1. For the stretch 113-126, in order, what is each residue's ³J(HN,Hα) by Karplus, 6.51 cos²θ - 1.76 cosθ + 1.60 with θ = phi - 60°, in whole Hz (x at glycine and Pro)?
2. I want the local charge near E40. Using Cβ-Cβ distances under 14 Å, sum +1 for each Lys or Arg and -1 for each Asp or Glu among the other residues.
3. Residues with amide H under 5 Å of I36's amide H, sequence separation 5 or more or different chain, H placed in the peptide plane at 1.01 Å from N; which?
4. Is the shape of the stretch 2-57 best called rounded, prolate or oblate, per the rule: a/c under 1.5 gives rounded, else a/b larger than b/c gives prolate, else oblate, with a ≥ b ≥ c the square roots of the Cα gyration tensor eigenvalues?
5. Give, as a single signed number, the net charge of other residues whose beta carbon lies under 12 Å from the beta carbon of D3, with Lys and Arg counted +1 and Asp and Glu -1.
6. Given Cα pairs under 8 Å that are at least 6 residues apart, what percent is the relative contact order of the stretch 6-119?
7. Mean residue ellipticity at 222 nm from the helices of the chain, using -39,500 (n - 2.57) per DSSP H segment of n ≥ 4 over the full residue count, to the nearest 500 deg cm²/dmol?
8. Hey, any idea what the orientation-averaged projected area of the convex hull of the stretch 6-119's Cα atoms comes to, in nm²?
Amino acid sequence: MTDHKIFIKTFDELTTLELHNIYLTRGLVFTVGQQITEQEIDDVDLVCHHLFSTNDDGKVIAYLRMYDLGKYADDSHEITPGAWTIGRVAVLNEARGTGLGRRIVAEAIEWIREHTEAERIEISAQKYLEHSLYGKAGFVTEGEAYQEAGIEHVHMNLVLRENR
């Protein structure tokens, strides 16, 4: 596998081309690939850190967003002090099976651990990735599976530091 560079930027730091490529990738994965018909782009994008990897042509081939749940909420998460979340994890078909998905999740966990005071990361994970991606990264499932955007999901947590 090529060692693709990973970028982490706030919304305001993204170039318009990067933002365009991010939205293309998310659209290909969620709207075209998974046929999710709910609004995918939302106002939370404005406050996220966007983590992405590109191929040599600048095409975004893997992406996720992360943000502070103590300050912001979306359709999947309530305000939760002490927690951050990772979401919109998207890997294009051409990059699947290369380990890039695991790598971007690991990079996000490490960035949150090093740059925030978060005690934990809470995610709403697609159930089919519960063990293969998130479980291997240390996330633990809490509660029963539920439907979100027509796809089975589970709530998962990763403790970063014990409550102080």
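Read-outs throughout are calculated quantities, based only on the coordinates presented, and are distinct from any laboratory measurement. Every value quoted in this text rests on a predicted model; they were computed, and no experiment measured them. Cβ sites come from the backbone with ideal geometry, for glycine too, and all protein chains shown count toward neighbours.
1. Computed from phi, the couplings for the stretch 113-126 are 4, 7, 10, 9, 9, 4, 8, 7, 10, 10, 10, 9, 9, 5 Hz.
2. Around E40, the charge tally is -4.
3. T31
4. Oblate, because a/c is 1.5 or more while a/b does not exceed b/c.
5. +1
6. Answer for the stretch 6-119 is 24 percent.
7. Theoretical 222 nm ellipticity from helices: -5500 deg cm²/dmol.
8. Working: hull surface 28.3 nm².
About 7.1 nm², averaged over all directions.
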